[in-house]
Amino acid sequence: MREREPESAAAVSISGPVLALDTTGTLGSVALGLAGPDGAVTADVVETFEPSNLHSRSLLPAIRRVMAQARLEVGDLALVVATRGPGSFTGLRIGLATAQGFALAAGIRAAGASSLDAAALADAAASGSELRRLVVVDALRGELFAALYDGAGPGALVRGPCRLRPEDAARRAAEHGAARICGPAVLRYRDAIGGGRPDVEIVEDRRPLAPAALRAGLQAARRGETTLEPLYLREPDVHRSSVTL
């Protein structure tokens, strides 16, 4: 188990168009929103694409489509955000490299957002609930990447992220008081995750994460946190150890 460590950085004022990219899972997405000086985001334009092995061919056309709908050029952006994992190794590197390239070419800010944070925020927005939730993404090799959240937002993470076996997810969620399990991995591992526990709701969804990543990345950038370092959460096989929630 890992606890999120607080970061100290100077607050930054950001307003204007924000572009967000998510390439960490099997449903890629791009979102464009307008950040106001009051912290609100309006007018999301969203494009999705699939599957993950086509991210390199699908991402730039999706970006062009959302930019064309908004009649914007890259230089008009105030910020570009990319999910930085955990998730598909190849996919997240494509998204991060694209965000970095846009930022350098246009001289704009860039920020990263955890795909787990984005999935928690997306579920909270859809459910209208501040329930405690276990969020899971596919770690491949028969494992999940998981994290426990109270509600959503920068202070919502209470445990994780870590690796978890699908068959242990419902039991761990119940032990930590989570009322639901959600996230991109549920669709693939629904039967294994269920675990026969009626006290834990298993939420199957296939939501684009870019709109939630936009909000999470914007919050991070306003706090002065602008890292685009990938979150892999997996050690080389020769050094692997058991990590559980």
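The values are calculated or read from the model by the stated rules, or taken from the named source; none is laboratory data. Predicted model only: the values in this text are computed from it and were never measured. No Cβ is skipped: glycine too gets one built from the backbone with ideal geometry, and neighbour counts run over all protein chains shown. The accessibility values were calculated without ligands, DNA or RNA, using every heavy atom of the protein model including side chains. Shrake-Rupley method; radii C 1.70, N 1.55, O 1.52, S 1.80 Å.
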Between the modelled labels at GLU229 and ALA192 (7 Å from Cα along Cα→Cβ) the distance in nm is 3.0 nm
Would you kindly compute the Cα radius of gyration of region 168-224 and its largest Cα-Cα separation (Dmax), both in Å?
14.5, 44
If contacts are Cα pairs under 8 angstrom and at least 6 residues apart, what is the relative contact order of region 27-100 in percent?
26 percent
Once region 94-205 is represented by equal point scatterers at the alpha-carbon sites, with solvent omitted, what log10 I(q)/I(0) does the Debye formula produce at q = 0.12 Å⁻¹?
-0.43
Can you show me the helix-derived [θ] at 222 nm for the chain, built from DSSP H runs with n ≥ 4 at -39,500 (n - 2.57) apiece and divided by the number of residues, rounded to the nearest 500.
-10500 deg cm²/dmol
Quick one: give the max-minus-min coordinate of the C-alpha atoms of region 40-83 along each principal axis, largest first, in Å.
32, 20, 15
Given the protein chains as shown and a 1.4 Å probe, how many square angstrom of GLU229 are accessible, to the nearest 10?
120 Å²
Please report, to two decimal places, log10 I(q)/I(0) for region 19-106 at q = 0.12, 0.18, 0.22 Å⁻¹ as given by the Debye formula with identical point scatterers on the Cα atoms and no solvent.
-0.33, -0.73, -1.06
Tell me, what does the Kirkwood hydrodynamic radius of region 50-152 come to in angstroms if you use every pair of distinct C-alpha atoms?
15.3 Å
Full extension between ALA40 and SER56 adds, at 0.36 nm per residue less the Cα distance, a length in nm of 2.7 nm
Across the chain, what fraction of all alpha-carbon pairs, as a whole percent, falls in each successive 10 Å bin from zero upward?
8, 34, 36, 18, 4, 0
A student asked for the Cα radius of gyration and Dmax of region 115-172 in angstrom ought to give 11.0, 33
Which whole-number percent gives the relative contact order of the chain, counting Cα pairs below 8 Å spaced six or more residues apart?
25 percent
